[in-house]
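> I have a structure here, written as structure tokens, and I will follow up with some questions on it.
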Amino acid sequence: MPQRPAACLFDLDGLLLDTEPAHARAWQAAASHFGRPLDGAELLSLRGRRRLDCASQVRQWIVAAGGPRLSEEELLAVRQPLAEALLASAPAMPGAEALVRRCRALGIPMALATSSARPAVERKVAPHPWMALIDERVHGDDPELADGKPAPDAFLLAARRLGVATTACWAFEDSRAGVAAALSAGCRVHVLLPPGVSCRTYPEAVVCLNSLEEVRLDPES
Ligand SMILES: [Mg+2]
């Protein structure tokens, strides 16, 4: 069977760019600052979600542990400077640039469907000129985006902007929230497994990858 989607919809953080260690370090530092260090499962559950959704969750954990009744803004005031410094130098994931270049060479349209807000995306992609080969971007603060992942909106909007049906798209994700979003949008979902996460924890319809280098795309027959 030919391996060729109508379009590829890419997550950004932890999928095309190796930003998740930076995000995790920054959340860990902020939560610890308020006396409530996060465990590995909690850090994984923050993946793929919008900054404000994460801030609200981390704030709840801090308050539930008897910590200060701080606002999300106070939490982000501690978290953001560290995150921004770390994220500006995040490298590409192995195979990411080659996959984007392969899509372009084959004429497969591409969109970014990210929870990350536009200014943050621009900082992160600045050292990666190949990111400009991606045709469309849906940001977490996109005026046309109603709900963040795990809601399907980001993928629905990305496919609409490319003029293709989500059911004909391949979506590439690394997070649980992102996979849920792409599945409910109707995409064929590929998940890049983070270290320590098993493919068995995903529905059978999801294609598991250990590296983007495993993705096969055939020329048009
Ligand atoms: Mg991600």
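The values are calculated or read from the model by the stated rules, or taken from the named source; none is laboratory data. All values derive from a computational prediction rather than experimental measurement. Neighbour counts are summed over all protein chains in view; Cβ atoms, including those assigned to glycine, are modelled from backbone coordinates with ideal geometry.
> I need a count of the residues in the range 11-41 that are over 20 Å from residue 85 (Cβ atoms) and buried (at least 22 other Cβ atoms within 10 Å of the Cβ).
Residues in the range 11-41 being over 20 Å from residue 85 (Cβ atoms) and buried (at least 22 other Cβ atoms within 10 Å of the Cβ): 3 in total.
> Of the residues 119, 127, only one is surrounded by fewer than 17 Cβ atoms within 10 Å (Cβ to Cβ) and part of a loop (DSSP other than H, G, I, E, B); which?
Testing whether each residue is surrounded by fewer than 17 Cβ atoms within 10 Å (Cβ to Cβ) and part of a loop (DSSP other than H, G, I, E, B) leaves just 127.
> With more than 12 Å from the ligand (Cβ to nearest atom), at negative phi and either part of a strand (DSSP E or B) or in contact (Cβ under 8 Å) with a residue 60 or more places away in the chain (or both) as the only criterion, which of 57, 3, 28 stands out? Even if it seems obvious, please write down each step before you answer.
Numbers: 57 fails: either part of a strand (DSSP E or B) or in contact (Cβ under 8 Å) with a residue 60 or more places away in the chain (or both); 28 fails: either part of a strand (DSSP E or B) or in contact (Cβ under 8 Å) with a residue 60 or more places away in the chain (or both).
One residue alone meets the criteria, 3.
> If I filter the range 121-138 down to residues being in contact (Cβ under 8 Å) with a residue 60 or more places away in the chain and among the aliphatic types (A, V, I, L, M), which single residue comes out as nearest to residue 54 (Cα to Cα)?
121
> Output the residues belonging to the range 12-25 that are in a loop (DSSP other than H, G, I, E, B) and either over 16 Å from residue 135 (Cβ atoms) or touching a Cys at 6+ places or on another chain (Cβ under 9 Å) (or both).
As a first pass, look at the range 12-25 and keep what is in a loop (DSSP other than H, G, I, E, B): 12, 14-16, 18-19.
Of everything in the range 12-25, those that are in a loop (DSSP other than H, G, I, E, B) and either over 16 Å from residue 135 (Cβ atoms) or touching a Cys at 6+ places or on another chain (Cβ under 9 Å) (or both) turn out to be 14, 15, 18, 19.
> On the basis of being closer than 19 Å to residue 213 by Cα and more than 18 Å from the chain's Cα centre (by Cα), does residue 62 make the cut? Please lay out each step first, then the result.
Details: closer than 19 Å to residue 213 by Cα: no; more than 18 Å from the chain's Cα centre (by Cα): yes.
Spelling it out, it is not the case that residue 62 is closer than 19 Å to residue 213 by Cα and more than 18 Å from the chain's Cα centre (by Cα).
> Read through the list (1) assigned by TED's automatic domain parsing to the domain that holds residue 186; (2) over 29 Å from residue 170 (Cβ atoms), then give the number of the only condition that residue 96 fails.
Failed condition: (2).
> Collect the residues in the range 115-136 that are within 16 Å of the ligand (Cβ to nearest atom) and in contact with a helix residue (DSSP H, G or I) (Cβ under 6 Å, 6 or more places away or on another chain), keeping them in residue-number order.
Initially, the range 115-136 is screened for residues within 16 Å of the ligand (Cβ to nearest atom), giving 115-117, 120-121, 124-125, 128, 131, 134.
Within the range 115-136, 124, 125, 131 meet the criteria.
> How many residues are buried (at least 17 other Cβ atoms within 10 Å of the Cβ) and among the small types (Gly, Ala, Ser) if we restrict to the range 42-58?
2
> Scan 66, 140, 48 and give me the residue that is at positive phi and within 16 Å of the ligand (Cβ to nearest atom). Quick ask: steps written out before the conclusion?
On the way: 66 fails: within 16 Å of the ligand (Cβ to nearest atom); 140 fails: at positive phi.
Unique residue meeting the criteria: 48.
> Additional query: Any idea which residue in the range 154-176 is nearest to residue 114 (Cα to Cα), counting only those that are within 16 Å of the ligand (Cβ to nearest atom) and at pLDDT 95 or above? First the steps, then the outcome.
If we filter the range 154-176 for residues that are within 16 Å of the ligand (Cβ to nearest atom), which is where we start, we get 154-155, 158, 170-176.
So of that shortlist, the ones also at pLDDT 95 or above come out as 154-155, 158, 170-174.
Working: 154: 7, 155: 9, 158: 10, 170: 15, 171: 11, 172: 11, 173: 10, 174: 11 Å.
Among residues in the range 154-176 that are within 16 Å of the ligand (Cβ to nearest atom) and at pLDDT 95 or above, the one nearest to residue 114 (Cα to Cα) is 154.
> How many residues does the range 139-153 hold that are in contact with an Asp or Glu (Cβ under 8 Å, 6 or more places away or on another chain) and touching a residue at least 24 places away in the same chain (Cβ under 8 Å)? Let's see the steps before the verdict.
From the range 139-153, those in contact with an Asp or Glu (Cβ under 8 Å, 6 or more places away or on another chain) are 145-148, 153; that's our starting set.
Applying the additional criterion that residues be touching a residue at least 24 places away in the same chain (Cβ under 8 Å) yields 148, 153.
Number satisfying all stated conditions: 2.
> If residue 75 meets every condition in (1) more than 16 Å from the ligand (Cβ to nearest atom); (2) within 24 Å of residue 149 (Cβ to Cβ); (3) loosely packed, with under 15 Cβ neighbours inside 10 Å; (4) of a type outside the set (Phe, Trp, Tyr) apart from one, which number is that one?
With (1) more than 16 Å from the ligand (Cβ to nearest atom); (2) within 24 Å of residue 149 (Cβ to Cβ); (3) loosely packed, with under 15 Cβ neighbours inside 10 Å; (4) of a type outside the set (Phe, Trp, Tyr) applied to residue 75, the lone miss is (3).
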